[in-house]
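Engineer: Could you have a look at this structure, given as structure tokens, before my questions?
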Amino acid sequence: MKILRSLAYLGYVAIFIQACSIKEDPLPQPYDTLTHFSHKPGVFILNEGIFQWGNGSIDFWIPGTKTVHHDIFQAVNKRPTGDVVQNMSIRGSRAWIVVNNSGKIEIVDLRTFKSVKTLTGFTSPRYLLFLKNQKVYASDLYRPVIYVMDTLGNKLKEINLERTAEQLLEVNGIVWALNWSAFGGYDNSGISLIHSANDTYIGYIELGKEPNSAVIDRAGFIWVLCSGGYMHQQAPTLWKMDSKGNILFRMEFDRPGDYPTHLQINKAGDTLFYLNRDVYALPVINPALPGKKIIEAGGRNFYGFKVGKHFLMISDALNYQTRGKVYIFTRGGKSLDTLTAGIIPGHFCSNE
């Protein structure tokens, strides 16, 4: 045990020395607490922070400008956002912030970003889904359950699954819960189905390992992207299904080292986008993998990705220890701007 503690100590020392030796860009001025987000369309940049360091943060960028307000939750509430800022969803005049390793969800007033409620009692919350029947579902990384809440954040019940869940998608009253994680020995090769009216688990669709993201196209078909497993146990796959869960076809990635993630779709619902080291676009009609490469990573460490209303946003985690970058591109892949974000920018949320 003494040897293990010594190795851990040396590891932290190495990280500290490396972080101190890297020259960072000057941090712009912090958020002006008089700013009202409801009157400024923009994008929230969610910075995960270093796992177990509690230095996750949220930045706010106003498109068309170089204005980035940094660490706005800390600036307004005078306390850290928490450990691993995972996700954020906007519902009316409030934003729900999932901080997964802190086991909490922060609900803030979107106009001021002031915390109005902190939800606790989760193991490791991941994704939220606001249902049409005024309920809220939350998935969990470590527990095979879906938490059911009302829109005020009150917990109503838990739905027991046989697997842990990640991204959530509602299709005609049925919630599709992607079973992405194998942590804890759970199966991670498909999708669990939940009836949202009575919150019951009703079935399972087996696909490929690590289904990480899913979208609905303009015709109502569901596309699911599977990375094939962290250790590349299987070839990655892209699946097309109808709203009843019938598999229409399956496409397989065949290049060594492929690990596709972040499947998204444009507003028109006719073009898929995904991240596989580089950024690719793929039509929903007559698709053929890998599709068209529209942005090349080069030496950059692309980590997070968002298809915005008018542009693409890609985060660069750099060395996972210092403030990252966010690159702004047109839908066609033309570079527009580069922003400085917090540590490990991973997700984006727009208030447009």
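No value in this document is a laboratory result; all are computed from the given coordinates. Remember, it's a predicted structure, so these values are computed and weren't measured experimentally. Note that we place each Cβ from the backbone using ideal geometry, even for glycine, and neighbour counts take in every protein chain shown.
Engineer: Once label points are set 7 Å from the Cα along Cα→Cβ at both residue 198 and residue 65, what is their separation, rounded to one decimal in nm?
Structural biologist: Placing both labels 7 Å beyond Cα along the Cβ direction yields 5.2 nm.
Engineer: Going by amide H atoms built from the backbone, whose H comes under 5 Å of the H on residue 337, apart from near neighbours?
Structural biologist: Placed amide hydrogens put 328 under 5 Å from residue 337.
Engineer: Determine by what factor the alpha-carbon radius of gyration of the range 123-259 differs from 2.2 N^0.38 Å, reporting the quotient.
Structural biologist: Scaled against compact globular proteins, the figure is 1.03.
Engineer: Continuing with this model, one more query. Within straight cross-link reach of residue 334, meaning Cα distance under 23 Å, which lysines are found once same-chain residues fewer than 8 apart are removed?
Structural biologist: 66, 267, 292, 293, 306, 309, 325
Engineer: Ok, one more. What number, rounded to the nearest 500 deg cm²/dmol, is the helix-based mean residue ellipticity at 222 nm of the chain, given -39500 (n - 2.57) per DSSP H run of at least four residues and division by all its residues?
Structural biologist: Per the formula, -2500 deg cm²/dmol.
Engineer: In the neighborhood of residue 331, defined by Cβ-to-Cβ distances under 13 Å, what is the net charge if each Lys or Arg adds +1 and each Asp or Glu adds -1? Walk me through the numbers before you get to the answer.
Structural biologist: Values: positive: 267, 292, 306, 309, 334; negative: 270.
Its environment carries a net charge of +4.
Engineer: A further question on this structure: Let me check I've understood the local charge: for residue 125, count other residues with C-beta under 9 angstrom from its C-beta, Lys and Arg +1, Asp and Glu -1. What total comes out?
Structural biologist: Here the charged neighbours net out to +1.
Engineer: Then there's this: If N is the number of residues in the range 183-256, what value comes out of its Cα radius of gyration divided by 2.2 N^0.38 Å?
Structural biologist: Relative to the 2.2 N^0.38 Å estimate, the range 183-256 comes out at 1.17.
Engineer: Apply the Karplus parameterisation 6.51 cos²θ - 1.76 cosθ + 1.60, with θ equal to phi minus 60°, to every residue of the range 338-352 and state each ³J(HN,Hα) to the nearest whole Hz, in sequence, with x for glycine and proline.
Structural biologist: 10, 10, 8, 10, x, 7, 6, x, x, 9, 9, 9, 9, 9, 6
Engineer: Can I ask one more? If we count every other residue with Cβ under 15 angstrom of residue 268's Cβ, Lys/Arg +1 and Asp/Glu -1, where does the sum land?
Structural biologist: Summing Lys/Arg as +1 and Asp/Glu as -1 gives +2.
Engineer: If the elastic network links every pair of Cα atoms under 10 Å, which of 247, 295, 58 fluctuates the most in the Gaussian network model of the chain?
Structural biologist: The residue that fluctuates most here is 247.
Engineer: Starting at the first residue of the range 87-96, write each ³J(HN,Hα) from the Karplus equation 6.51 cos²θ - 1.76 cosθ + 1.60 with θ = phi - 60°, in whole Hz, x for Gly and Pro.
Structural biologist: So the Karplus estimates, Gly and Pro as x, are 7, 8, 10, 10, 9, x, 9, 10, 10, 9 Hz.
Engineer: Would you please give the residues with an amide H less than 5 Å from that of residue 301, counting only those at least 5 places away or on a separate chain, with H modeled from the backbone geometry?
Structural biologist: Residues meeting the criterion, in which the H sits 1.01 Å from N, are 317, 318.
Engineer: Follow-up question, since we're still on this one. Name the shape class, rounded, prolate or oblate, that the alpha-carbon gyration tensor gives for the range 69-132, where a ≥ b ≥ c are the square roots of its eigenvalues, rounded holds for a/c under 1.5, and otherwise prolate holds if a/b is larger than b/c and oblate otherwise.
Structural biologist: oblate
Engineer: Which FRET efficiency, nearest 0.05, do residue 133 and residue 248 yield, Cβ-Cβ r, R0 35 Å?
Structural biologist: Computed FRET efficiency for residue 133 and residue 248 comes out at 0.80.
Engineer: Compute the whole-percent fraction of alpha carbon pairs in the chain spaced more than 34 Å apart.
Structural biologist: 25 percent
Engineer: Reachable lysines from residue 157, Cα under 28 Å, same-chain residues fewer than 8 places away excluded?
Structural biologist: Here the lysines satisfying the reach criterion relative to residue 157 are 104, 114, 117, 132, 135, 244.
Engineer: With θ set to phi - 60°, apply the Karplus curve 6.51 cos²θ - 1.76 cosθ + 1.60 along the range 225-241 and write out the HN-Hα couplings as whole Hz, x wherever there is a Gly or Pro.
Structural biologist: 9, 10, 7, x, x, 4, 9, 6, 5, 10, 6, x, 9, 10, 10, 10, 9
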